[in-house]
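Any read-out appearing in this document is the output of simple, stated calculations on the displayed coordinates, not a laboratory observation. It should be emphasised that the depicted structure is a prediction, and the values quoted were computed from it without experimental measurement. Here the Cβ is made from the backbone with ideal geometry for all residues, glycine too, and neighbour counts use every protein chain on show.
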Amino acid sequence: MTSAENEAKLLSDPMSGMDDTSLGEAVRQARKGRGLSLQIVAEGVGISTGLLSQIERGISSPSIRNLRAICEVIGIPFLSLFADADSADREAEIIVRQGRRRTVDFGDKGMVKSFLTAHDEGALQVMEIVLDPGGSSGEESYAHEGEECGVVLHGKLELWVEDDRFVLGEGDAFHFESRRPHRFRNLGNDQTRVHWVTTPPVW
């Protein structure tokens, strides 16, 4: 298919196979890649800075006319914007950027889990667990199907597996069957960080 045919297809169905978030991210990356501010691009297009910001965040759906104008101001081909968005979609299936991790904060338990796997449809789940001093998984042990393993990146971890107690420091690793009741907590005065792998995913 030629470039003209691709553009004609986009004009007839511009958002085919895309979502506003992916397209907005492509706009944002292109703008930042040229070192242009929101205000400069918005003024060049003839829209408000607020609207351009909403487009980049996937809150507002841009018109083809505005998209063309955005591309002209930024200085990129119209079709490259859609190619970038498609690339962003493909990346999201494989890559988890640090600022986009899915995170669960357990509040009073002093524990935060950040998920390092892009989705929970696979056979395993990788998390970074951060425990505040005294933070823990809870007073009661728990069990489930599967296996888990991990490594302490920083700090001091107390791990109970059934009636066995282990104290792990930086670089120490563990591996056990998840059906064995277990619990853990931070024994140190600083935060403890652990990379934790479970299979199958439990979150």
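At-a-glance table
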item: Summed side-chain charge close to Val202 - residues other than Val202 whose Cβ falls under 13 Å, Lys, Arg +1, Asp, Glu -1; result: -2
item: Sites Ile59 and Val197, calculated FRET efficiency, Cβ-Cβ separation with R0 45 Å, nearest 0.05; result: 0.80
item: From the coordinates shown, semi-axes √(5λ) of the Cα gyration tensor in Å corresponds to which of (1) 32, 22, 15; (2) 28, 19, 17; (3) 47, 19, 13; result: (3)
item: Positive-pole candidate from Ser48, Ser22, Gly33, dipole of segment 19-78, charges at beta carbon; result: Gly33
item: Difference of contour (0.36 nm per residue) and Cα-Cα distance, Glu121 to Glu91; result: 9.2 nm
item: Part-to-part distance (alpha-carbon centres) for segment 21-48 and segment 126-203, which is given in Å; result: 44 Å
item: Residue with peak Gaussian network fluctuation, the chain [Cα springs, cutoff 10 Å], from Ile70, Ile55, Ile47; result: Ile47
item: Total formal charge among the other residues, if their Cβ is under 12 angstrom from that of Asp163, Lys/Arg +1 and Asp/Glu -1; result: +1
item: Sparse-neighbourhood loop sites, trypsin sites (Lys or Arg not before Pro) in segment 84-172 - DSSP loop, at most 15 other Cβ within 10 angstrom; result: Arg97, Arg101
item: Proximal charge balance of Ile40 [Cβ under 11 Å; K/R count +1, D/E count -1]; result: +1
